[in-house]
1. May I ask what percent, to the nearest 5, of DSSP beta bridges between residues of the range 558-667 are antiparallel?
2. At 222 nm, what value in deg cm²/dmol follows for the chain if DSSP H runs of at least 4 each add -39500 (n - 2.57) and the sum is divided by all its residues, to the nearest 500?
3. Which whole-number percentage describes the relative contact order of the range 1-137, with Cα contacts under 8 Å and a sequence gap of 6 or more?
4. Starting from the residue with the highest accessible area, list ARG42, ARG386 in decreasing order, probe 1.4 Å.
5. Give me the percent of DSSP beta bridges within the chain that run antiparallel, rounded to the nearest 5.
6. Which order do you get for LEU223, LEU191 if you rank them by accessible area with a 1.4 Å probe, largest at the top?
7. Considering only protein heavy atoms, with the full assembly of protein chains and a 1.4 angstrom probe, order SER300, SER202 by accessible area, largest first.
8. Mind pulling the angle between the C-alpha long axis of helix 551-561 and the longest principal axis of the chain? Nearest 10 degrees, somewhere in 0 to 90.
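The values are calculated or read from the model by the stated rules, or taken from the named source; none is laboratory data. All of these numbers come straight from a predicted model, not from anything done at the bench. Note: ideal-geometry Cβ built from the backbone for every residue, glycine included; neighbour counts use all protein chains shown. Accessible surface is based on the protein model in full, side chains and every heavy atom, while ligands, DNA and RNA are left aside. Shrake-Rupley method; radii C 1.70, N 1.55, O 1.52, S 1.80 Å.
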Amino acid sequence: MKNNEVEQRILELRKILNKANYEYYVLDQSTLTDQEFDKYLRELENLEKAYPEFDSPNSPTKKVGGQVIDRFQKVKHQIPMLSLPDVFDISEIEAFHERVLKEGIKPTYVCEYKIDGLSVSLHYEKGELIFAATRGDGVIGEDITHNVKTIKSVPLTINEPIDIEVRGEIYMPKKVLEDINKKREKESLPLLQNVRNAAAGSIRQLDSKIAAERKLDTWIYHLPNPEDYGIKTHEEALNFMSKLGFKVNKEANKVVSGLEEMEEYIQKTAEKRKSLPYEIDGIVIKVNSLESQKKLGFTSKYPKWAVAYKFPAEEVLTTLKDIIFTVGRTGRITPNAVLDPVIIMGSTVKRATLHNEDYVLLKDLKINDIVSIRKAGDVIPEVVERKLERRTGCEKPFQMIKNCPICGSVLEKRKDQVDYYCMNPHCPARKIEALIHYCSRKAMNIDGLGDEIMEDLFNLGFVKTIPDIYALYKHKQDLIELEGFGNKSVDNLLSAIEDSKSNSLERLLFGLGISGIGDKTALLLVKIFKNIDGFLNASYEDFECIYDIGPILAQNLYDYFHNVENIALIEELKSIGLNMNYLGENERHHDLISGKRFVLTGTLSFTDRDSLSNLLISYGGATSSSVSKKTDVVIVGENPGSKYDKARELNIEIWDEKKIKSIVDSL
Ligand code: IVH
């Protein structure tokens, strides 16, 4: 074949395959048999291999995955990706409708399903997909193009050679989650909790082959720039996107003119919900006219022209078989419900936390009670109430324990607090929990040292303290002989331990388990103090003046870094060779932001304080709550407080809204 004939054939094959993909995955009607499809695909693959000059990153051959990235790049959304205000009953929808009417609008609305997945932004240039990003914090998302390309219903080339951004939801169909979990159960792997986490986990894979296997799908529901295409209503925008080749939920979406029709739509959808092949967690109601949308505008977080009605969380009945007690790493005792296993929202629930004694007493729970269990969209199941009418007289009253279930020492309740604590610092349960926490994913991320193994290693005497983890190599032979460990997994474990020594400081700081210091706070702190000596030398005030750090956390931090045992632990970890510096992994840089300390005061119209603070931090800035000599810049919005006066008094640089907005826009 001549070169131009090859090119023609390649283009033709791509057209055939794109069309077949569209028909199969968007319209749900196939015109090619599987064999025909495979035949064309193989022909195209062979031609692209033999003539790499005609290969294209958006060829349908790329749908199978294969591209591997080494990290997720951050991307800034030119138009922020907002979320929606939740409403939970009809009266709140009425209130929304009233607010719309008050603006002098005579609305029609579009009702849509609220798809339970994660939102995505798709960008096309001249009709070709150029990148796809997650929502992230709404301003900065992550580039997930390599994985999105593997989603069959996402067109790599659309029907018009235009520049466009569309937004929608990536989701995992219910059946796919079921199949994956069946397989994982056979392989004794932990089950994926729900469709949303499963979809989000799949999209966060570096290797797009894995994402491709997860059979994700999309519904597209938002056009951020409708005026660029002369579009006047949301309904038109949906039709326009559908015509371009996107998967738009035409069967579900409905234009309604008032509350009555909305209620009917909600009712019908609630009935249909269970039989849908994908999970929805509510209904989104959007004002249809784009001019009216503009009139209604936005708050800092939400559009004022739409609400998300959330379905009530699903509840099921089961038996409360027992209440057992666990000891956390701080010594806190938690009562836990042991339940007759029930499936709720796609996953099996066997346990639920009962938080503390007061919670159990308030709910009047007894062992053998029939209880209702609720699971909202998220992972944590909750005991709603006991069913009084189902009591038989065989129920056993709840009794709070007096002694630690593990070490037997007498429990203490702190003044004005509801929790009981095991105060024994040598309690094995506390130590095991602390070690598990140290190795956990968001802390030192040592793969292979999960709950059960750590308990074994502790009981065998191999790991009693954090430094023991780094001496595990001395027990290599013992480990190999341990049940469940082979030669290879011991090697993997030992190298994971070794690798963890070079983690950036925030992981270690979080792993140390200082009361109240979560992973996000740990990151914020290391950006300010840079290395462990910064923490050891900090005063109480140095901690307290940081935005987000209140007096309790400041005291916890100060106490931790002035305790002799903790100082000795840190010294020992230093001598083992652990990195003690913030490495600023993936950190972005901006001359006007990086390394500076900011204080924010007053209201900004283009963003809220938390988002801006996160953004500054992600560029290596730090934010504090009070102005001091150490402050570099005070950002001043409308109605600033006394911080503004203090800044002027101390002669500190001041940025007004215009200045910060222009910097944010340039990022
Ligand atoms: S519209 C500016 N429509 O729900 C409006 N969102 O709670 C942007 N979602 O972040 C959102 N189905 O991830 C819209 N039909 C739908 C939706 C939907 C699911 C998600 C989306 C959004 C979240 C808001």
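1. 10
2. It lands at -10500 deg cm²/dmol.
3. 15
4. Numbers: ARG42 135, ARG386 50 Å².
Final ranking, largest accessible area leading: ARG42, ARG386.
5. Numbers: 73 of 86 bridges.
Given both bridge residues lie in the chain, the antiparallel proportion sits at roughly 85 percent.
6. LEU191, LEU223
7. Details: SER300 55, SER202 0 Å².
Final ranking, largest accessible area leading: SER300, SER202.
8. 60
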